[in-house]
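**Student:** Here you go, one structure.
The values are calculated or read from the model by the stated rules, or taken from the named source; none is laboratory data. Worth saying up front: this structure is predicted, and the values here are computed from it rather than measured. For neighbour counting, all protein chains shown are included, and Cβ atoms are generated from backbone atoms with ideal geometry for every residue, glycine included.
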Amino acid sequence: MTDPGAKILLVDDEEAIQKLLRFPLEKEGYQVVQARDGQEALDAFAREPFDLVILDVMMPRVDGTEVCRRLRAVSTVPIIMLTAKADEFDKVLGLEIGADDYITKDRFSLREFRSRVRAQLRRADMSRQTGSARQDLVTIDGLEVDLPKRNVDVRGRRVDLTYIEFELLKTLISHPGRVYSRQILLQLVWGDAEFRDARTVDVHIRHLREKIERDARNPEFVFTVRNIGYKFREF
């Protein structure tokens, strides 16, 4: 269950969108702090902690992609990006810069919006609980994963994973050899598989491999299981 008092930073320069999204969030008991542009969002984030950021892409002063990059440099807070465009390039760009989820304004319902917000908050809460309960350090062939500290070292060099990349690695490495379908990974890592494109998993796995594998095209750790999903090598 998600925290009904969770604090959400809602960032959009359109008054109509602010009103449309704020109402269902506050109805569910969330605290909502509004920002009208990217700089205002960054200032708000610097002043106080948030449990979730809902971030428009096209904004004055500092746009949403730059805000996302800056937040990812200092925090693993879940980020849902909003855009007026349905272009696939925008979606991939959002994922590549560290967004956790992506919603096109003209294609989603408020039911879908509430579902995605709950899923992100639930996933983040589960991660905190799991991290505090486990004391695991996994070491295999130059890869070292410190689960409670969320640190990853590859052949003695620290690598920075996004929140989602680490959650995927943690999920796969917890059961070496077990095959996870894309739908199951969406459920476990994102909180649910509803309204989500399974290709989202592929994008994050690709970036994870680029960071932990010697050769991302010939992986040693995270393997593709054709027509099904992914698994971590047995050890």
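**Student:** With within 25 Å of M59 (Cβ to Cβ), modelled with pLDDT under 90 and in contact with a helix residue (DSSP H, G or I) (Cβ under 6 Å, 6 or more places away or on another chain) as the only criterion, which of A99, A124, A86 stands out?
**Tutor:** Going through A99, A124, A86 in turn, the sole match is A99.
**Student:** Confirm whether R118 is over 18 Å from V201 (Cβ atoms) and either touching a strand residue (DSSP E or B) at 6+ places or on another chain (Cβ under 6 Å) or at pLDDT below 90 (or both).
**Tutor:** Considered against the rule, which asks whether it is over 18 Å from V201 (Cβ atoms) and either touching a strand residue (DSSP E or B) at 6+ places or on another chain (Cβ under 6 Å) or at pLDDT below 90 (or both), R118 comes out as yes.
**Student:** Let me ask you something else. Within region 204-235, can you find the residues that are touching a residue at least 12 places away in the same chain (Cβ under 8 Å), exposed (fewer than 15 other Cβ atoms within 10 Å of the Cβ), assigned to a loop (DSSP other than H, G, I, E, B) and not acidic (D, E)?
**Tutor:** I228, F235
**Student:** When R196 is evaluated against the numbered criteria (1) assigned to a loop (DSSP other than H, G, I, E, B); (2) more than 17 Å from R118 (Cα to Cα), which criterion, by number, is the only one it fails?
**Tutor:** (2)
**Student:** Does region 3-22 include one or more residues that are of a type outside the set (A, V, I, L, M) and under 16 Å from Y102 (Cβ atoms)? Reasoning before the result, please.
**Tutor:** Pass one, region 3-22, residues of a type outside the set (A, V, I, L, M): 3-5, 7, 12-15, 18-19, 22.
Restricting the remaining residues to those that are under 16 Å from Y102 (Cβ atoms) gives 12.
Yes, the conditions are met somewhere in region 3-22.
**Student:** Looking at this structure, is D153 more than 20 Å from M81 (Cβ to Cβ), assigned to a loop (DSSP other than H, G, I, E, B) and free of Cβ contacts under 8 Å to residues at least 24 places away in the same chain?
**Tutor:** Values: more than 20 Å from M81 (Cβ to Cβ): yes; assigned to a loop (DSSP other than H, G, I, E, B): no; free of Cβ contacts under 8 Å to residues at least 24 places away in the same chain: yes.
So D153 does not fit the description; no.
**Student:** Can you say whether I80 is within 20 Å of the chain's Cα centre (by Cα), buried (at least 22 other Cβ atoms within 10 Å of the Cβ) and modelled with pLDDT of 85 or more, as far as the supplied structure shows? If you could, list the steps in order and put the result at the bottom.
**Tutor:** Values: within 20 Å of the chain's Cα centre (by Cα): yes; buried (at least 22 other Cβ atoms within 10 Å of the Cβ): no; modelled with pLDDT of 85 or more: yes.
For I80, the condition - within 20 Å of the chain's Cα centre (by Cα), buried (at least 22 other Cβ atoms within 10 Å of the Cβ) and modelled with pLDDT of 85 or more - is not met.
**Student:** To continue, here is another question. Tell me whether region 59-69 contains one or more residues that are part of a loop (DSSP other than H, G, I, E, B), exposed (fewer than 15 other Cβ atoms within 10 Å of the Cβ) and modelled with pLDDT under 80.
**Tutor:** no
**Student:** It is to be established whether one or more residues within region 214-233 are under 19 Å from T76 (Cβ atoms) and of a type in the set (A, V, I, L, M).
**Tutor:** no
**Student:** Also, quick follow-up: Here are the criteria: (1) surrounded by fewer than 16 Cβ atoms within 10 Å (Cβ to Cβ); (2) modelled with pLDDT of 95 or more; (3) not hydroxyl-bearing (S, T, Y). Tell me which single one A46 does not satisfy.
**Tutor:** In the conditions (1) surrounded by fewer than 16 Cβ atoms within 10 Å (Cβ to Cβ); (2) modelled with pLDDT of 95 or more; (3) not hydroxyl-bearing (S, T, Y), A46 misses (2) alone.
**Student:** Among the residues of region 201-213, is there at least one that is among the basic types (K, R), within 27 Å of A73 (Cβ to Cβ) and over 18 Å from the mean Cα position of the chain (by Cα)?
**Tutor:** The initial filter retains those residues of region 201-213 that are among the basic types (K, R), namely 206, 209, 211.
With the extra rule that they be within 27 Å of A73 (Cβ to Cβ), the set shrinks to 206, 209, 211.
Of the ones still in play, those that are also over 18 Å from the mean Cα position of the chain (by Cα) are none.
Checking region 201-213: not a single residue is among the basic types (K, R), within 27 Å of A73 (Cβ to Cβ) and over 18 Å from the mean Cα position of the chain (by Cα).
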